[in-house]
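First up is the structure itself, then whatever we jot down about it.
The values are calculated or read from the model by the stated rules, or taken from the named source; none is laboratory data. Computed from a predicted structure; not experimentally measured. When we count neighbours, we look across all protein chains shown, and the Cβ atoms used for this are built from the backbone with ideal geometry, even at glycine. Remember, those area values only see protein heavy atoms, side chains included, never the ligands or the DNA or RNA. Shrake-Rupley method; radii C 1.70, N 1.55, O 1.52, S 1.80 Å.
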Amino acid sequence: MNKTFKALVVRKDGLTFVRSIENRNISDLPKGDVLIRVHFSSLNYKDGLSSSGDMTVTRHYPHTPGIDAAGIVESSSDSRFSPGDQVVVISFDLGANTSGGFGQFIRVPANWVMHLPEGLTMRESMIYGTAGYTAGLAVSLLQKQEITPKTGPIIITGASGGVGSVSVSLLSKLGYIVSASSGKKRVKSFLTKVGASEVLGREAVNDESGRALLKETWAGAIDTVGGNTLVTIIKSMKLRGAVVSVGLVSSPSLHTSVFPFILRGISLQGTGAGETTMPKRLEIWSKLAKEWKPKNLEYLAVDSSLEQLNSEIDKILIGGQKGRVVIDMRT
């Protein structure tokens, strides 16, 4: 097939990386079982890294980023998918080292593809995207640790970002009291609108006293920041509280003592979308589409065209993004 399509392409130019919209040919896509015409994609921090030449994310350039895609099956060699099916692909290697959702077509292995969950439009699936799925994983882990709305308040750090804002929205929908922490200015209205009961500044979760334990404040936490923020939260958990770590935008280091774990019996668990199994994906996505789906899901979305995407990438790289950027790839 020699059909051309538009894509954001990142090329290495000397010591710099340059992004531009180019016409690509379907025949240039990698081999795969399912060819998908992309209708919507979304922007994640990982896409920002790939778009700026981060070799820990993407090894070879030129490259088309985009770890999320929702669209229509164009052709398939796998009997599970037929032309016209509405499907979703998130994470795996899409947009990392496989040509991604910032192109109007992708071709991927069938095991990466799932049918669009009943209860979601393609656009809504990209309001969630990898960030929303990660938030769903984190919420499910809190529930498995028996953290219920009656157990006490939940703290979400990096709350104005993708994973954080979806976490706030999901937990609020489920009846939890949510404290949202963000280092960004002028996000109180946004976070309140998506479900936060209170909005805290970054300093509220950055204890530098050196104490092994702090006042018992939260029953559960979803942390996207890492570093001393995560340490502060661990020291501030209630008896048998649970912390889910999903990010490290501040630091990957963790310098703390065992006292919160021994004296308060708290748990700390990490999670990420990555290589989670398809059965787990289907389980979480079903909940995101049905009983967990917040009425204010639309409040999380910032719409973008492919032509506007470059400026949104610049914004997410400097921490200026809030909520979820959804890219309409149809034009």
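Most fluctuating residue of 148, 64, 157 in a GNM of the chain with Cα springs under 10 Å: which is it?
For the chain, modelled as a Gaussian network with Cα springs under 10 Å, the answer is 148.
So how strong a dipole does the chain carry about its Cα centre when Lys and Arg Cβ are +1 and Asp and Glu Cβ are -1, to the nearest 20 debye?
Using only the charged Cβ atoms, the result is roughly 620 debye.
Residue 317 versus residue 239, label points 7 Å from Cα toward the beta carbon: distance in nm?
5.0
How high is the relative contact order of the stretch 37-101, in percent, counting Cα pairs under 8 Å that sit 6 or more residues apart?
40
Distance between Cα centroids, the stretch 95-147 to the stretch 202-281: provide it in whole Å.
24
All other residues with a Cβ under 13 Å from the Cβ of residue 3 taken together, and with Lys, Arg as +1 and Asp, Glu as -1, what is their net charge?
With Lys, Arg at +1 and Asp, Glu at -1, the net is +2.
For the stretch 1-140, what is the number of Lys pairs with C-alpha distance below 22 angstrom, counting only pairs 8 or more positions apart or on separate chains?
Lysine pairs, 8 or more places apart or on different chains, close enough: 4.
Count charges around residue 13 for me, please; just the other residues with Cβ under 15 Å from its Cβ, Lys/Arg as +1, Asp/Glu as -1.
+2
How much accessible surface does residue 283 have with a 1.4 Å probe, in Å² rounded to 10?
Accessible area of residue 283: about 70 Å².
When the chain is fully extended, how far beyond the present Cα-Cα distance does residue 4 get from residue 143, taking 0.36 nm per residue of separation?
On the way: separation 139, 0.36 × 139 = 50.04 nm, distance 4.65 nm.
The residue 4-residue 143 span can extend by a further 45.4 nm.
Order the following by accessible area, largest value first: 39, 63, 255, 115. Probe radius 1.4 Å; ligands, DNA and RNA are ignored.
Sorted descending by solvent-accessible area, the residues read 255, 115, 39, 63.
Can you pull the one-decimal nm distance between simple spin-label points at residue 82 and residue 262, each 7 Å off the Cα toward Cβ?
About 6.3 nm separates the two model spin labels.
Need the full-extension length gain, residue 299 to residue 328, defined as separation in residues times 0.36 nm minus the C-alpha distance. One decimal, nm. Each step should come with its number before you reach the end.
Details: separation 29, 0.36 × 29 = 10.44 nm, distance 1.68 nm.
This chain segment gains 8.8 nm when fully extended.
Let a ≥ b ≥ c be the square roots of the eigenvalues of the Cα gyration tensor of the stretch 126-274; is it rounded (a/c under 1.5), or, if not, prolate (a/b larger than b/c) or oblate?
Values: a/c = 1.44, a/b = 1.31, b/c = 1.10.
Taking the square roots of the gyration eigenvalues as a ≥ b ≥ c, the stretch 126-274 is rounded.
How much length, in nm to one decimal, is gained on full extension between residue 203 and residue 253, taken as 0.36 nm per residue of separation minus their Cα-Cα distance?
Result: 16.2 nm gained on full extension.
Can you bin every Cα-Cα distance in the stretch 89-136 into 5 Å intervals starting at zero and give me the percent of pairs per bin, rounded to whole numbers?
Each 5 Å bin holds this share of Cα pairs: 5, 19, 28, 30, 16, 3, 0.
Calculate, for residue 214 and residue 54, the FRET efficiency according to 1/(1 + (r/R0)^6) with r their C-beta to C-beta distance and R0 30 Å; round to the nearest 0.05.
Step by step, r from the Cβ atoms, then E = 0.30.
Name the residue farthest towards the positive end of the dipole of the chain from the options 257, 62, 114, assuming +1 on Cβ of Lys and Arg, -1 on Cβ of Asp and Glu, about the Cα centre.
257
Net charge within 14 Å of residue 39 by Cβ-Cβ distance, Lys/Arg positive one each and Asp/Glu negative one each, not counting residue 39 itself?
Its environment carries a net charge of -2.
Could you work out the per residue convex hull volume over the alpha carbons of the stretch 285-331, in cubic angstrom?
In the stretch 285-331, the Cα hull volume divided by residue count equals 96 Å³.
Hey, in the GNM for the chain with a 10 angstrom Cα cutoff, which one of 74, 124, 298 fluctuates hardest?
298
Does the stretch 115-208 classify as rounded, prolate or oblate by the C-alpha gyration tensor (a ≥ b ≥ c root eigenvalues; a/c under 1.5 gives rounded; else a/b over b/c gives prolate, otherwise oblate)?
Details: a/c = 2.00, a/b = 1.36, b/c = 1.47.
It is oblate, given that a/c is not under 1.5 and a/b is not larger than b/c.
Please list, in chain and number order, the residues 5+ apart from residue 217 or on another chain whose amide H is under 5 Å from its amide H, with Hs placed from the backbone.
237, 238
Once you keep just the Cα pairs under 8 angstrom separated by 6 or more residues, what percentage relative contact order results for the chain?
18
Within the stretch 173-236, which GluC sites (Glu not before Pro) sit in a loop by DSSP and count at most 13 neighbouring Cβ atoms inside 10 Å?
Answer by residue number: 208.
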